[in-house]
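Below is one structure, written out as structure tokens; comments come after it.
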Amino acid sequence: MPIRRRYFLLLASLAWTLTACSTLPPPGIQPVSGFELQRYSGQWYEIARLDHRFERDMSDVRATYTPQADGSVAVLNRGFDTASGRWQQALGRAYFNTDPATASLKVSFFGPFYGGYHVVALDPAYRWAMVAGNDRSYLWLLARDRQLPDDVKTRLLVQARGLGFDTDKLIWGSQQRGDDAAAAN
């Protein structure tokens, strides 16, 4: 292969890799401003999500966010793997993309690889949140309680559709298993 073509392919693959690893929100999506990490910290229940491989076959998914002294956030994701019949968990670390008052973070569960985590809708009382990834194939509806009121679900679905998410593909999670069972495994 000629050197020029190899050089072009190397640059193209590097550009694709850097684009694929972006931790910024998708175009046209603005993270919440006036964000308060201390109020967001604690446990959240996953109410719905768009499907992706690292949560496939999972139910009773919860995320716990814990602020760290260095300004980062410890992230513990835990869920019941219905295929294996066992609880699974992953511990990660998140960092703000810009200032901590903007709900735009990058999170990693696997070494130097980061994904975007952008709170795009947030209840004023921090009872529910809608979170987008770095593209429109990642979306989560989270709540402090195991269920969301129907009027909140409706508002979030309308907003998500307006932002270009395929809400017909949302997987509505189950929160039937108790917290004690999750902590035991």
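Miscellaneous remarks
- Count of the stretch 57-106 residues which are aliphatic (A, V, I, L, M), modelled with pLDDT of 95 or more and either out of contact with any strand residue (DSSP E or B) (no Cβ under 8 Å at 6 or more places or on another chain) or closer than 22 Å to residue 29 by Cα (or both): 5
- Some residue of the stretch 43-65 being more than 18 Å from residue 169 (Cα to Cα), of a type in the set (Phe, Trp, Tyr) and assigned to a loop (DSSP other than H, G, I, E, B): no
- Filtering the stretch 122-136 for residues that are touching a Leu at 6+ places or on another chain (Cβ under 8 Å), in a helix (DSSP H, G or I) and of a type outside the set (Lys, Arg) leaves an empty set.
- Filter result for the condition that a residue is within 23 Å of residue 87 (Cα to Cα), surrounded by 13 or more Cβ atoms within 10 Å (Cβ to Cβ) and not basic (Lys, Arg), over 156, 139: 139
- Looking at 2, 31, 25, just one residue is in contact with a Pro (Cβ under 7 Å, 6 or more places away or on another chain) and at pLDDT below 95, and that residue is 25.
- Under the condition of being surrounded by 19 or more Cβ atoms within 10 Å (Cβ to Cβ), more than 15 Å from the chain's Cα centre (by Cα) and among the hydrophobic types (A, V, I, L, M, F, W, C), the residues counted in the stretch 26-81 number 2.
- Selected residue (criterion: nearest to the chain's Cα centre (by Cα)) from residues of the stretch 157-166 that are under 13 Å from residue 131 (Cα atoms) and assigned to a helix (DSSP H, G or I): 160
- Pairing each residue of the stretch 139-153 that is at negative phi with any residue that is among the β-branched types (Val, Ile, Thr) and in a strand (DSSP E or B), provided the two are 6+ apart or on different chains, yields C-beta distances under 6 Å for 140/131; 141/47; 143/47; 148/47.
To keep it simple, each residue is scored yes or no on (1) surrounded by 19 or more Cβ atoms within 10 Å (Cβ to Cβ); (2) out of contact with any strand residue (DSSP E or B) (no Cβ under 9 Å at 6 or more places or on another chain).
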| site | (1), (2) |
| --- | --- |
| 113 | no, yes |
| 116 | yes, no |
| 143 | yes, no |
| 148 | yes, no |
| 161 | no, yes |
| 174 | no, no |
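- When residue 18 is tested against (1) surrounded by fewer than 17 Cβ atoms within 10 Å (Cβ to Cβ); (2) among the aliphatic types (A, V, I, L, M); (3) at pLDDT 85 or above, only condition (3) is not met.
Yes/no per residue for (1) touching a residue at least 40 places away in the same chain (Cβ under 8 Å); (2) among the aliphatic types (A, V, I, L, M); (3) over 25 Å from residue 38 (Cα atoms):
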position	(1), (2), (3)
88	no, no, yes
99	no, no, no
115	yes, no, no
132	yes, yes, no
172	yes, no, yes
177	yes, no, yes
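- Any hit, the stretch 144-156, residues being assigned to a strand (DSSP E or B), modelled with pLDDT of 95 or more and hydrophobic (A, V, I, L, M, F, W, C): no
The values are calculated or read from the model by the stated rules, or taken from the named source; none is laboratory data. A quick note: this is a predicted structure, and the numbers were derived from the prediction, not measured. No Cβ is skipped: glycine too gets one built from the backbone with ideal geometry, and neighbour counts run over all protein chains shown.
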